[in-house]
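Report on the following structure.
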Number of protein chains: 2
Amino acid sequence: MYRNHTCGELRIADCGKEVVLAGWVQRTRKMGGMIFVDLRDRYGITQLVFDDNTDSDLCAQAGRLGREFVIQVIGVVSERSNKNPKMPTGDIEIMVKTLNIINSALTPPFTIEDDSDGGDDIRMKYRYLDLRRSCVRRNLELRHNMVMEIRKFLDNRSFIEVETPILINSTPEGARDFVVPSRMNPGQFYALPQSPQILKQLLMVSGFDRYFQIAKCFRDEDLRADRQPEFTQIDCEMSFVEQEDILEVFEALAKHLFKNILGIEMNEPFMRMTWHDAMKYYGSDKPDLRFDMRFVELMDIMKGHGFSVFDSSAYIGGICAKGAAVYTRKQIDQLTEYVKRPQIGGKGLVYARVEADGSVKSSVDKFFNQDVLQKLKAAFCAVPGDLILIMCGDDAMKTRKQLSELRLEVARQLGLRDKSKFKCLWVVDFPMYEWSDEENRLMAMHHPFTSPKTEDVPLLDTDPASVRANAYDMVINGIEVGGGSIRIHDSSLQATIFRILGFTQEEAQQKFGFLMNAFKYGAPPHGGLAFGLDRLVSIFAGLDSIRDCIAFPKNNSGRDVMLDAPGPLDQLQLEELQIKVDVKG
Amino acid sequence: MYRNHTCGELRIADCGKEVVLAGWVQRTRKMGGMIFVDLRDRYGITQLVFDDNTDSDLCAQAGRLGREFVIQVIGVVSERSNKNPKMPTGDIEIMVKTLNIINSALTPPFTIEDDSDGGDDIRMKYRYLDLRRSCVRRNLELRHNMVMEIRKFLDNRSFIEVETPILINSTPEGARDFVVPSRMNPGQFYALPQSPQILKQLLMVSGFDRYFQIAKCFRDEDLRADRQPEFTQIDCEMSFVEQEDILEVFEALAKHLFKNILGIEMNEPFMRMTWHDAMKYYGSDKPDLRFDMRFVELMDIMKGHGFSVFDSSAYIGGICAKGAAVYTRKQIDQLTEYVKRPQIGGKGLVYARVEADGSVKSSVDKFFNQDVLQKLKAAFCAVPGDLILIMCGDDAMKTRKQLSELRLEVARQLGLRDKSKFKCLWVVDFPMYEWSDEENRLMAMHHPFTSPKTEDVPLLDTDPASVRANAYDMVINGIEVGGGSIRIHDSSLQATIFRILGFTQEEAQQKFGFLMNAFKYGAPPHGGLAFGLDRLVSIFAGLDSIRDCIAFPKNNSGRDVMLDAPGPLDQLQLEELQIKVDVKG
């Protein structure tokens, strides 16, 4: 060992001890005849002192230390005259007797400080230096601690972690697969799993009863802001359960994490909301409930007063922003621009302010008399100082989604999206199907193995679009952190579902025959859930991006700029794999 | 929940309780007016009783149950008249009141019993049924338990688990990479990691101090008996350590596992042996020390007596098989055939029996008088009843390896390779380099970042082949379960090593420049170790193959016969990836 203590553990009680420390030079300061060095390792920072009066050679040597040099020192723990209460080691310093420079360092391309001067690109290129910043390292320590707690919890509940293979075949999950050419089977390819969905269902057929895996998953999608081509899933499946059993286990898991990781006790059951209500009242299947601003539908109140935009709409609805009557015209114009952006697609925004005297002042006063506006006010239980924001449109669902974006933006501006506050929610009763304009048919909303609610089974033939599934999502602070479903274990019901999805028997057999075949040998009722680990950690860490809780993330082009991957293959490798690159100009 | 108890938990104290159980029908037996059903789940087997006198309809229904049907029953726990002390639930049975058939089952293609009638191929094809066999499931439960204990141990010792990416670039590890074409970066490929070696070294540069990961690794090699294209490694790295620190931590980990998983206390330190001694005395860098049979070199005693085979040999050595003098001529002939097989390549075998009267009878008596044979006997401390087996050859190292195969075979025949006995060993002081006839140059024995022993550094220029590395393997029962090394953290030493390996500066820069560059920013001394998890589990489980502790293994052609992977890609996918299949006829 190059040390007998870490840089985070010495305290006032250790004074007088001779110790050996090793670590990186965080910074050096000269003061009078002394040199002070902050020595850093994963565990903390300890101040070293070199005294010119005691040993001028040693002090001169210390004077040549650069940032990020790796050194080892022997010295005596002493009480500081100038204590630093912000640091756990702030009461002591080390009077250095021996200095051993283990490795020098080039000047890093950005400062290794929480508040670094390095931009995103350079920090990603030198990710190994970025990871030295304690704010980045702490995210990965948090991730480790969360994963340890998750495993402990699930192990205590009789779940077995089973590793499923990475080199598998294409599965019908919807997204594009990454593939791997097989040298031993020329012309053939493995696919990397988009999730272990089929394998975990097979493990239920095998009688594993309770399975989990912290599993790497892969999707070759065009990367949006917060997606990675490889991501990690807490993948779970249980047998002989109903939806309620699964919600119970994973709500308990979430509470366990909040308690053991963040020290937050959540004694109340998580709120539950049907998908239908979530869409109706929040315009989103993952509403952020840290704040209220529930939608109020205004067709009854606002229609038929001669304002043609409203009169021709299929939906009129609004939100009430508490205390936002102070918004200036300019701020409201900016909100209007916000909802009109092509990504959102709103037509515009109508506002109504509740004045100090209780009267309502709106942007469309000429169409609405005070009577109507007072009804509007009452519908929101608005009080003086509140700002009502109204949107409308031809398609209720689309308008709700636009209104949801507005709701989130206003909440952001009002500081209501507080990262230290956590609001958990189960969204349940998802529809079985959603209509795809693109494919011109009903598509499975979750996946084709999802079981319908027993009471809705009769509707499968008459009104499939109204059938609800035993599918559920866990939402925290407006982010979907997990989702799952009860699976179908009855082969005739499965055949019906395939028929409604428009598969012929042959197509169903070809696409899903393998799993269907396994089900013929005695499949138990089963269901499960998968959490997105990256998202869960980033919420716990209060991060804006999942990237910051991944050690070596990829950029939006799927590149690892540090490793410079992907890269070209040499001809020999291509020949061995019996493939050719065929890039169209 | 479809049950309120599992099939493994009811005991005599539960008698009189009404319970709900669910599981699979293991077997049914009719006796008198009763039907007995063994109901199975992951947790055990519980006997169900259907009584024709009580409810003949129910009994008739039970009579139609087939093997592997999934059922739910409600019944009352009763004391058995005919107790089965071999089963934890053997004191009770369930008098069934209600039977609910959840799913029927086709007759499985092999019996779901520990002693199944299914061959390897059919069991692999229907792996989801094979996994129902408790002997197979227990291996995966053991694997889960071991991995939980490993994580607990390492977490307690301040190791952080960090997930490193799967989509990386080619690394210089020696074996062939699996590659993944990048759709977003046409003509470019990711490589799957052969190990996280470079990434874990970067994490040390980042100051993570103690890293581990239960990591999937990939090697596109022609598969020998006990290799898988994807396998799992317990990958570890530590900073500011010397070899001794690493051996201490991982010896403690192994002892922790033996104690907590198998209940075996190992209080003595593991034996240590230099690579040189391992080769000299056992002809193997992973000697099985569950038994002795150490080699004795016989050049002094056996050379120069006119037996030309010996007289012309560069090496003569033998082993003493205790009590094997009873071997018949036929048995010894079979051993001779064994060492002459092309995989072993021995020239032949000379034997010498120690008779009851102490005299020695050898297969080459005409060349050696009793005097010489008595010296031979003394060299082995052989006693009446022992059998001495001698091999010779032109190349000492090759002959030792042949003799090692003989030693293992004889031990097997004598029942000395007892799977319930565990003998752990550190093999240390591996050579830095080994000569490659193929490449006609010295190659790194471990990898090119391995640090030489400080005292051997002066030999780097004069006699590189004699330089010993700070490299070590953990061997259990003749199987290498883990290996690692202290890495070089000094760039000038690293440059020397590259030079000796025959790399020009440019080549070194091209192949390893990325890591070398990272090292310029302050690299700590570091080193690590990786265990093969599959092997470790299979040793603990007493298995002959790692396959049996992998949920979904691949066969020797790298195929998953259950999933039928790999498979062809459709043209659209190939076009999106901008590659072409180019199979040579």
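The values are calculated or read from the model by the stated rules, or taken from the named source; none is laboratory data. Bear in mind that the values here come from a model prediction, so they are computed numbers and not experimental data. So basically every Cβ, Gly included, is an ideal-geometry build from the backbone, and we count neighbours across all protein chains shown. Each accessible area value is taken on the protein alone, full model and side chains, heavy atoms only, with ligands, DNA and RNA left out. Shrake-Rupley method; radii C 1.70, N 1.55, O 1.52, S 1.80 Å.
Details
- Residues A:5, A:144, A:446, sorted by accessible area with the largest first, give A:446, A:5, A:144 [1.4 Å probe; ligands and nucleic acids excluded].
- When chain A is described by a simple charge dipole with +1 on each Lys and Arg Cβ and -1 on each Asp and Glu Cβ, the residue from A:572, A:108, A:28 located farthest towards its positive end is A:28.
- Sorted peptide list for A:75-81, A:109-115, criterion being average Cβ within 10 angstrom, highest first: A:75-81, A:109-115
- Look at the alpha carbon pairs under 8 Å that are at least 6 residues apart: their mean separation over the length of chain B gives a relative contact order of 13 percent.
- For residue A:381, the accessible area of its heavy atoms, probed at 1.4 Å with every protein chain present, is near 100 square angstrom.
- Residue order for A:473, B:333 - accessible surface, 1.4 angstrom probe, largest first: B:333, A:473
- A:271, B:238, ranked by accessible area, largest first (probe 1.4 Å): A:271, B:238
- Residue A:261 accessible area, 1.4 Å probe, all protein chains in place, Å² to nearest 10: 40 Å²
- When each of B:340/B:554; A:340/A:584; B:322/B:398 is checked by Cα-Cα distance, pairs over 27 Å: B:340/B:554; A:340/A:584
- Percent of alpha-carbon pairs separated by more than 40 Å within the protein assembly as shown: 58 percent
- Per-residue shielding of A:552-559, expressed as the average number of other chain Cβ atoms within 10 Å of the residue Cβ, stands at 4.
- Dipole magnitude for chain B: about 1260 debye, using +1 per Lys or Arg Cβ and -1 per Asp or Glu Cβ, origin at the Cα centre.
- Anisotropy class of chain B from Cα gyration tensor, a/c 1.5 cut: oblate
- Restricting region B:372-432 to trypsin sites (Lys or Arg not before Pro) that sit in a DSSP loop and have at most 14 other Cβ atoms within 10 Å of their own Cβ leaves B:419, B:421.
- Summed over qualifying helices (DSSP H, 4 residues or more, each -39500 (n - 2.57)) and divided by its residue number, the protein assembly as shown shows a 222 nm mean residue ellipticity of -8500 deg cm²/dmol.
- Region A:12-103: relative contact order as a whole-number percent, Cα under 8 Å and 6+ apart: 33 percent
- A straight line joining the Cα centroids of region B:119-136 and region A:184-250 runs 21 Å.
- Buried solvent-accessible surface, both chains (B, A), 1.4 Å probe, Å² to nearest 100: 11200 Å²
- Taken over the C-alpha atoms, region A:1-49 has Rg and Dmax values of 11.2, 34 angstrom.
- Remark on region B:289-344: Rg and Dmax equal 13.5, 37 Å (Cα only).
- Counting all C-alpha pairs of region B:318-437, share separated by more than 18 Å (%): 58 percent
- Residue-count net charge about residue B:10 - beta-carbon cut-off 13 Å; Lys, Arg +1, Asp, Glu -1: -3
- With all protein chains modelled, accessible area of residue B:439 [1.4 Å, Å²]: 100 Å²
- The order of the peptides A:569-578, A:334-343 by mean Cβ neighbours within 10 Å, most packed first, is A:569-578, A:334-343.
- In region B:218-332, the alpha-carbon atoms span a convex hull of 257 Å³ per residue.
- Across every direction, the projection of the convex hull enclosing the Cα atoms of region A:12-103 has a mean area of 5.5 nm².
- Restricting the trypsin sites (Lys or Arg not before Pro) of region A:133-212 to loop positions (DSSP other than H, G, I, E, B) with no more than 12 neighbouring Cβ atoms within 10 Å leaves nothing.
- Loop-resident sites, region A:249-312, for trypsin sites (Lys or Arg not before Pro), counting at most 13 other Cβ within 10 Å (DSSP): none
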